[in-house]
Ligand SMILES: C[S@@+](CC[C@H](N)C(=O)[O-])C[C@H]1O[C@@H](n2cnc3c(N)ncnc32)[C@H](O)[C@@H]1O
């Protein structure tokens, strides 16, 4: 048995995946951007707030495969403490919380600066019966993840503004236990982050896979 296949969770996930599939980028300010401008904003360390405000109704969820992978990784390592950068409507949060439930409990800290997204994610976690495992931190993750983290973190998901991946890693890094995993979605947008986790002296082993994910392990 896995929490992933319970009716309460599959109903919520099916709704979110349908919403993601039917969502079309139809925001003039984003549609009219050149590919270069979009790329620049995606990588920006200063203009991410403007970009994600335009995208406040966009699900932007991890792929179904990445979501299931998150569940599998958290299960296999018996994760108890998870930190997530970028909640949106909660697809990844639901999978990570399901893994914590099946591991016997834990704490998932998730960060999002769009209040309407936090409200939707909280409703989704509640409907799935997993909200008791999740601590929602509303505001810029640069601030909300700078305080009150567990002494040890088993798994870190990076899925917010790509230009901030190096900074968020810096905030959480000293809490990462030996063997902790970091999953970074769309990490290609953050060359600085890739340089960080791929530099042998930084103490990680890191591989890209599935086209858009960088998986890294904190060495002991
Ligand atoms: C790619 S989406 C996250 C998708 C989510 N992980 C899922 O699977 O459903 C990125 C989210 O991060 C939020 N975000 C981006 N930068 C942030 C920051 N600095 N602090 C808090 N939230 C941020 C955006 O508002 C957006 O909702």
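Bear in mind that the values in this text are calculations on the coordinates, not laboratory data. Note that this is a predicted model, so its numbers are computed, not measured. Positions of Cβ are backbone-derived with ideal geometry, glycine not excepted, and every protein chain shown enters the neighbour counts.
Listed values, structure above:
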{"item": "Computed over the range 35-141: relative contact order in percent, which uses C-alpha pairs under 8 Å that are six or more apart", "result": "25"}
{"item": "Computed over the range 90-220, Kirkwood Rh from alpha-carbon pairs, angstrom", "result": "15.3"}
{"item": "Computed Rg/Rh of the range 1-67, alpha carbon atoms with Kirkwood Rh", "result": "1.10"}
{"item": "Packing-based exposure ordering (other Cβ within 10 Å, fewest first) of 209, 89, 136", "result": "209, 136, 89"}
{"item": "Rounded D (µm²/s) - the range 137-184, Kirkwood Rh over Cα pairs, Stokes-Einstein at 20 °C, 1.002 mPa s", "result": "194"}
{"item": "Sequence of 147, 172 once ranked by neighbouring C-beta atoms within 10 Å, starting from the fewest", "result": "147, 172"}
{"item": "P(r) histogram, all alpha-carbon pairs of the chain included - 5 Å bins from 0, percent", "result": "1, 7, 16, 20, 22, 17, 11, 5, 2, 0"}
{"item": "Part-to-part distance (alpha-carbon centres) for the range 119-133 and the range 3-44, which is given in Å", "result": "19"}
{"item": "Computed log₁₀ I(q)/I(0) - Debye formula, equal Cα scatterers, no solvent, the range 62-145, q 0.16 Å⁻¹", "result": "-0.53"}
{"item": "More than 14 angstrom apart: percent of Cα pairs within the range 103-143", "result": "48"}
{"item": "The chain: relative contact order as a whole-number percent, Cα under 8 Å and 6+ apart", "result": "18"}
{"item": "Convex hull volume of the range 152-220 per residue (C-alpha atoms, cubic angstrom)", "result": "73"}
